[in-house]
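A.B. asks: There's a structure below that I have some questions on.
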Ligand SMILES: [Zn+2]
């Protein structure tokens, strides 16, 4: 059937039907579909050549034809014949109305419904109905406790913490914890369970790898066997203590807390918080303390023509002049700019946040006050004391204080000290008198230091005279390094 869409309604133009020839009945369903299409294009060539034709069918014959890697003679001939038409395929379900039913009667699919299911689909899913159990026992001078966490396949955590009001060894407490966990699992009708414990001894004893030597633990072992039978799959695994923190904590908690006699249990909920308690509160308080924004009077004047109460004529005129620079759009006050977008007027808390984010936020270059004000205006915000506030803000920015261009020039003038050659200039001094005196009663040291290399020549004396100094100079300086100029 050929139909044309006029004003949203499909109108039938042409009906065609064809009886398949004997050899054509042996075509596959898709080939029959292609045959129908080719045949229709032959018959309705004059309609189809000039228009885009939407082919409505269950399967896409065009895709079948044009995507086929190897073509036999018949199909390649069809392909060439169809190439001159502008054909588009639409799956059948997207066409509504009577046309579809007509079409269905004309072209009943041979195999009926298309089978969308993959073979062996069940193989792709994993077995997720297994629960996990973590247990730990604690025994200390305060008492004994058992901690258990049951984790459902959907990762729901069920914590159980039990205080053991009787004397138990650490190993016994572990057994108690394990049994409490298993019983809870039975109560929840859990059939597959993985049990994790951080005591190598207990895990190996329960899974019967090790023998139970202690008499105190034997009854536990026997009792556990009776519980084991109620599970379809039960697996014991050892895990290091650091991975069993929560069960450990629950057990410790139960062992530490003394539950009052009248109470049967202590309710406990552990919440998770990512922020300190004051996070949201402080910000709100600041805003509450803030008085009305600076533009309230202007806003009220433009919005309702109202002046603030108790104002002089002069002040009213000033307000009128000021208000002429602003407009209201969607309940917000804007300052129109001749060469850019309207600037949104913002109140005090917002100005601080804006300055912070533009000056020091993501990609904030920590610019100076004037640049900051200009940049804020470019971002589309305005308040009357922008430039002054920005200057003040930049002055109080700690990063700017630390990383600003610091002056490293020394406070006094620098003189360059050069030496024409090493050992050209010496300084000489006497150290003394030294107490206690050295070997042989030496109390004075004569020291000469070269200015350039800092080479030291020194000699000690019991008594220092001009003769000694002359000898020192002659022997250690002149003879070795020459006469200083
Ligand atoms: Zn800064």
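The values are calculated or read from the model by the stated rules, or taken from the named source; none is laboratory data. Worth saying up front: this structure is predicted, and the values here are computed from it rather than measured. Every residue, glycine among them, receives a Cβ derived from its backbone with ideal geometry; neighbour counts consider all protein chains shown.
A.B. asks: Would you confirm whether any residue within segment 314-321 is within 30 Å of residue 455 (Cβ to Cβ), without any contact (Cβ under 8 Å) to a residue 12 or more places away in the chain and not assigned by TED's automatic domain parsing to the domain that holds residue 455?
C.D. replies: no
A.B. asks: When the residues of segment 409-437 are filtered to those that are touching a residue at least 40 places away in the same chain (Cβ under 8 Å) and not in a loop (DSSP other than H, G, I, E, B), which remaining residue is farthest from residue 453 (Cα to Cα)?
C.D. replies: Here the answer is 428.
A.B. asks: Here is a list of conditions, (1) on the phi > 0 side of the Ramachandran plot; (2) within 16 Å of the ligand (Cβ to nearest atom), and residue 440 meets all of them except one; can you say which number that is?
C.D. replies: (2)
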